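Worksheet for the structure shown next.
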Amino acid sequence: MRKLYYMLFIAALLCSCSKERPEPEVDGGTEDAGQEEVQTKVPQILNPTFEEILTRTFLDTDMKMTWHPDDALSYFTDMYSNVRYAIDDRAGESPGRFSRKSDGNQESVSFDRNYAIYPYDETTVLSYDGVASYTFPPLQKYAEGTFAENVNVMFAATKGREDHSVRFRNCCGYLRLQLYGTDVTLRSVVLSGNASEPLAGKAEISVGGSGTPEVSIYDASSSLMLDCGDGVTLGRSVSSPTSFWLVIPPVLFSQGLTLTLTDDGGREFIKSYSAPLSVERNVVLTLDAFEVFEAVSGSTMSFSDIEGSWTLVKWHGTSPPFSVNMQIEADGNVVLWQKIDDYEWERYDSMAALDSNIISGTYSDNLPWSASYYIGFDGDDMVWTNTEDESDVSVYVKTSLE
């Protein structure tokens, strides 16, 4: 099974020599400036700690997360300072060590404590009451086995003005997808809530009563894209899926969510969930692995791609205990004949609709089908998978009905 490297940040311990000779605080001015002239003091070194990310499902115990070489954070000793700290040359290790890289804007509007935000953004500002304005990007980059760099937004507030112990808390939750398919290479994954929930955009971050960050998005994007670059080839079976991670501000998908997957040929596969799903702060929500079928042609399947006569040869992974023949016409008319045991053939007429590769229909007596189905192809075989029950899979072969 593919191993996922999972980040665990541990508080950096000051070495004994540091305890004997602490780092002096500097004023961000010239070297000739005396300490008595200092107005705003900022430390030269920060050793932030991190919150352990929780999971809702079992994950390998050897997972870890590490700092990246370009990691940086914003530190506020007053309302406008936004001092930049960057990781030292120990990227990849835990704990990390951050050194001051800018003076920030030294203003006199100070707080009764200090604040830190990861990742660094020069446009980040704080209000007088310590509320941060931050923009969650609508585009994230694929990273193998984990989430992308610089998207796991964290916020910290120290205990007092003279306290520079940065204890980060995660602002977001984590959605982990597990995908597999035969000869499928994905270029992008787009997530959207079925009720248009906010997933990115301009937001305010504050420290709640429990000390945990609270995110409020006010200029929102209702979709979030994971860019897979030149393409990510999926594992070929349910036992070896490929993981895709999205970092999301806490959200309840009240009517479920939809995933739009685009392959390297520009073809789309759509996977929808209608039941409510919740992505909570600091929690990994892992969805069950599902198969991605290659679409027939173009970004949208049409009835001309599937018209003709078909016979059911496999149902729930085995030979069906009944007989089914189906005729699909180019206008969406579907005629199904079903025979159980030694009874006579029964005919069912319906009119179907296609949305990308999802088929649904209504019988001639105006009753809807019991389910909608993803349509894919395994060679010349047509595969229907229930959108609500992935174990309900039907395989059809092209035939000639008499």
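Here are the numbers for the structure shown:
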{"quantity": "Single residue of the stretch 315-344 satisfying the filter (under 41 Å from the mean Cα position of the chain (by Cα) and β-branched (Val, Ile, Thr)) that is farthest from Ser360 (Cα to Cα)", "calculated": "Thr318"}
{"quantity": "Options Val184, Val190, Val153; residue that is farther than 18 Å from Arg281 by Cα, in the same structural domain as Tyr134 (by TED's automatic domain parsing) and crowded, with 22+ Cβ neighbours inside 10 Å", "calculated": "Val184"}
{"quantity": "Selection from the stretch 192-214 of residues that are among the polar types (S, T, N, Q) and assigned to a loop (DSSP other than H, G, I, E, B)", "calculated": "Asn194, Ser196, Ser210, Thr212"}
{"quantity": "Answer residue from the stretch 364-387, given it is touching a residue at least 60 places away in the same chain (Cβ under 8 Å) and surrounded by 15 or more Cβ atoms within 10 Å (Cβ to Cβ) and is nearest to Val238 (Cα to Cα) among those", "calculated": "Thr385"}
{"quantity": "Hey, Ser240 out of contact with any Gly (no Cβ under 9 Å at 6 or more places or on another chain), free of Cβ contacts under 8 Å to residues at least 60 places away in the same chain and among the small types (Gly, Ala, Ser) or not", "calculated": "no"}
{"quantity": "Leading residue by the ranking (nearest to Thr385 (Cα to Cα)) among those in the stretch 303-349 that are of a type in the set (Ser, Thr, Tyr) and in contact (Cβ under 8 Å) with a residue 60 or more places away in the chain", "calculated": "Thr311"}
{"quantity": "Top-ranked residue of the stretch 193-211 - restricted to ones that are farther than 23 Å from Thr123 by Cα and among the hydroxyl-bearing types (Ser, Thr, Tyr), ranked as surrounded by the fewest Cβ atoms within 10 Å (Cβ to Cβ)", "calculated": "Ser210"}
{"quantity": "Count of the stretch 224-237 residues which are in contact (Cβ under 8 Å) with a residue 60 or more places away in the chain and surrounded by fewer than 16 Cβ atoms within 10 Å (Cβ to Cβ)", "calculated": "2"}
{"quantity": "Counted residues, the stretch 141-150 - those being farther than 19 Å from Glu280 by Cα and either among the aromatic types (Phe, Trp, Tyr) or crowded, with 22+ Cβ neighbours inside 10 Å (or both)", "calculated": "1"}
{"quantity": "Qualifying residue in the stretch 187-204 (condition: under 21 Å from Ser110 (Cβ atoms) and free of Cβ contacts under 8 Å to residues at least 24 places away in the same chain)", "calculated": "no"}
{"quantity": "Test for Ser210: is it in contact with a strand residue (DSSP E or B) (Cβ under 6 Å, 6 or more places away or on another chain) and at negative phi", "calculated": "no"}
{"quantity": "Strands (runs of 3 or more DSSP E) contained entirely in the stretch 258-363, each with at least 1 residues that are buried (at least 17 other Cβ atoms within 10 Å of the Cβ), of a type in the set (A, V, I, L, M, F, W, C) and touching a helix residue (DSSP H, G or I) at 6+ places or on another chain (Cβ under 7 Å)", "calculated": "322-328, 346-355"}
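The values are calculated or read from the model by the stated rules, or taken from the named source; none is laboratory data. The structure displayed is predicted, hence computed values, not measured ones. Methodologically, a virtual Cβ is constructed for each residue, glycine included, from the backbone with ideal geometry; neighbour enumeration extends over all protein chains shown.
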